[in-house]
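Student: I have a structure I would like to understand better, so I am pasting it below and will then ask my questions one at a time.
The values are calculated or read from the model by the stated rules, or taken from the named source; none is laboratory data. Everything numeric in this text was worked out from a predicted model, so none of it was measured. Reconstructed Cβ throughout: ideal geometry from the backbone, glycine too, with neighbour counts over all protein chains shown.
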Amino acid sequence: MKLLDLNKVYRRRNTDSVKWDHMDFMDERTSETTLPLWLSDMEFKIADEILDTLKNRVEHGFLGQSMPGNEYLDAVCGWYQRRFDWTIDKESIFYSPGILPAIGFAIAALTKPGDGVIIQPPVFYPFSEIIKGQGRTIINNTLINENGDYKIDFADLKEKASDPNNKILLLCSPQNPIGRVWTKSELEQIAGICEETNTYIFADEIHCDLTRKNVQHFPIKTITDYKNIIVAVSPSKTFNVAGLPIASIVIDDNELRKIWLNETKGKYYIRFAPPLDMVLSKAAYAQCEYWVEQVLEYIEDNYDFMEKYLKEHLPKTGYKKPEGTYLAWVNFGAYADYEELLETLISKYDLLIESGAIFGEPGLGYFRLNIACPRSQLEEGLSRIVAAINDLT
Ligand SMILES: Cc1ncc(COP(=O)(O)O)c(C=O)c1O
């Protein structure tokens, strides 16, 4: 088996990279030298099989319009069948230029202005931006935080889903940023409440492959027959190709498919898909499982490294190894004022990590760190945090 060198550090500046070249997108105090441990974008070079297939496709010399064909659909179905025992009907798969646009299409199609869309903060902040942008109302089913252990408030979810004005639950499964992988029982309860109250579920399962050893992700479609569910999956996080716009939207119900097609094909003429995305997905799903497995091992070790490092240098840190994603969710409140620490990290220690507050008010006090990077970068980032905290205490 091919062994990856995941310790290798690559130069990524000057590639229009959001993570490296556009940090001011998140914080204008950053500079050209800032170390970016933010955004969900890995520092691991993508698999050779993906690179080769992209090169070959470009060298073919034609990049005309393309559409998802059987080979692509087989590759997608094969992956989810093998990894999750989830049988997807090819007819259920619809191309979307990303999951976030798909959330926008679903909200536009299934709700009217003013209607409520339920989210579970702290959660991936574009969810609330899209809801606001569409003139809908954000309904918070805030997660219960018991010293860093997050749980769903089912009584509150039931109350909010029972309000006929609240039409959709945007479910992040696994959950970014807190890193929970919802259990079968939690998902059954969510599906049960939504079915009982006739609430649509849009399940964003983009992080489904990025789970720890011994933690299992359950695609929501494998645990319920509730028909009003839209699931979004994508190779983008799993294979580190988030710069290419691609997602597979899975819709089993015929009525819901019609609504979806009316919104996407009918209103926005989304019929074709980029040819590079098609070949990339085929290569990724069919040939690159080995890459994902090695990256997952490395991420697991990075989390363990971080745990040990924090225990040694900042033992009062609120930190728990997440069940999924490659994002750490950390609370340094025992040591420093949150705003002061953020300021010191950026201005004096040239490190960008994300403030938990951007994921909603319940994220206040936390930071989100992307640990999908060579260990040397992670260690450098952690040492800057320790130095900043030492400055402030
Ligand atoms: C939970 C979640 N959903 C969606 C996205 C982005 O999806 P896309 O680029 O396909 O719109 C991300 C990226 O970080 C994410 O973490």
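Student: Can you tell me which condition Gly114 does not meet? The list is (1) free of Cβ contacts under 8 Å to residues at least 12 places away in the same chain; (2) not in a helix (DSSP H, G or I), and all the others hold.
Tutor: (1)
Student: Scanning segment 213-225 for residues that are closer than 30 Å to Lys158 by Cα, assigned to a loop (DSSP other than H, G, I, E, B) and touching a residue at least 40 places away in the same chain (Cβ under 8 Å), which turns out nearest to the ligand (Cβ to nearest atom)?
Tutor: His217
Student: Checking Ile246 against (1) over 19 Å from Leu73 (Cα atoms); (2) touching a Pro at 6+ places or on another chain (Cβ under 8 Å), which test does it fail?
Tutor: (1)
Results for (1) within 13 Å of the ligand (Cβ to nearest atom); (2) more than 17 Å from the chain's Cα centre (by Cα); (3) assigned by TED's automatic domain parsing to the domain that holds Ile118; (4) small (Gly, Ala, Ser), shown as yes or no for each residue.
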| residue | (1), (2), (3), (4) |
| --- | --- |
| Leu210 | yes, no, yes, no |
| Lys227 | no, yes, yes, no |
| Ile230 | no, no, yes, no |
| Val233 | yes, no, yes, no |
| Thr238 | yes, no, yes, no |
| Gly243 | yes, no, yes, yes |
| Asp252 | no, yes, yes, no |
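Student: Listed residues Lys8, Lys2; which is more than 16 Å from the ligand (Cβ to nearest atom), over 25 Å from the mean Cα position of the chain (by Cα) and loosely packed, with under 12 Cβ neighbours inside 10 Å? Write out each step before concluding.
Tutor: Details: Lys8 fails: over 25 Å from the mean Cα position of the chain (by Cα).
Among Lys8, Lys2, only Lys2 is more than 16 Å from the ligand (Cβ to nearest atom), over 25 Å from the mean Cα position of the chain (by Cα) and loosely packed, with under 12 Cβ neighbours inside 10 Å.
Student: Of these, Ile93, Ile139, which one is within 16 Å of the ligand (Cβ to nearest atom) and of a type in the set (A, V, I, L, M)? Spell out how you get there, then give the answer.
Tutor: Numbers: Ile139 fails: within 16 Å of the ligand (Cβ to nearest atom).
So the residue among Ile93, Ile139 that is within 16 Å of the ligand (Cβ to nearest atom) and of a type in the set (A, V, I, L, M) is Ile93.
Student: Still on this structure, I have one more. Would you point out the residue of segment 296-338, among those that are without any contact (Cβ under 8 Å) to a residue 60 or more places away in the chain, surrounded by 15 or more Cβ atoms within 10 Å (Cβ to Cβ) and not small (Gly, Ala, Ser), that is nearest to the ligand (Cβ to nearest atom)?
Tutor: Top of the filtered list is Val330.
Student: Residue check: is Leu63 on the phi > 0 side of the Ramachandran plot and part of a loop (DSSP other than H, G, I, E, B)? Steps first, please.
Tutor: Working: on the phi > 0 side of the Ramachandran plot: no; part of a loop (DSSP other than H, G, I, E, B): yes.
No: the conditions fail for Leu63.
Student: How many of the residues making up segment 58-90 are under 21 Å from the mean Cα position of the chain (by Cα) and within 16 Å of the ligand (Cβ to nearest atom)?
Tutor: Counting residues in segment 58-90 that are under 21 Å from the mean Cα position of the chain (by Cα) and within 16 Å of the ligand (Cβ to nearest atom) gives 1.
Student: Do we have any residue at all in segment 263-278 that's under 20 Å from Tyr326 (Cβ atoms) and in contact (Cβ under 8 Å) with a residue 24 or more places away in the chain?
Tutor: If we filter segment 263-278 for residues that are under 20 Å from Tyr326 (Cβ atoms), which is where we start, we get none.
Looking for residues that are under 20 Å from Tyr326 (Cβ atoms) and in contact (Cβ under 8 Å) with a residue 24 or more places away in the chain, one finds none in segment 263-278, hence no.
Student: Pairs under 6 Å by beta carbon, first residue under 22 Å from Asp115 (Cβ atoms) in segment 143-172, partner part of a loop (DSSP other than H, G, I, E, B) and among the hydroxyl-bearing types (Ser, Thr, Tyr), six or more apart or different chains?
Tutor: Close Cβ pairs satisfying both conditions: Ala161/Thr199; Lys167/Thr111; Leu169/Thr199.
Student: I'd like to check which strands (runs of 3 or more DSSP E) are fully inside segment 145-204 and have at least 2 residues that are within 16 Å of the ligand (Cβ to nearest atom) and crowded, with 17+ Cβ neighbours inside 10 Å. Steps first, please.
Tutor: Details: elements: 149-151, 166-172, 200-204.
Of the strands (runs of 3 or more DSSP E) lying wholly inside segment 145-204, those with at least 2 residues that are within 16 Å of the ligand (Cβ to nearest atom) and crowded, with 17+ Cβ neighbours inside 10 Å span 166-172, 200-204.
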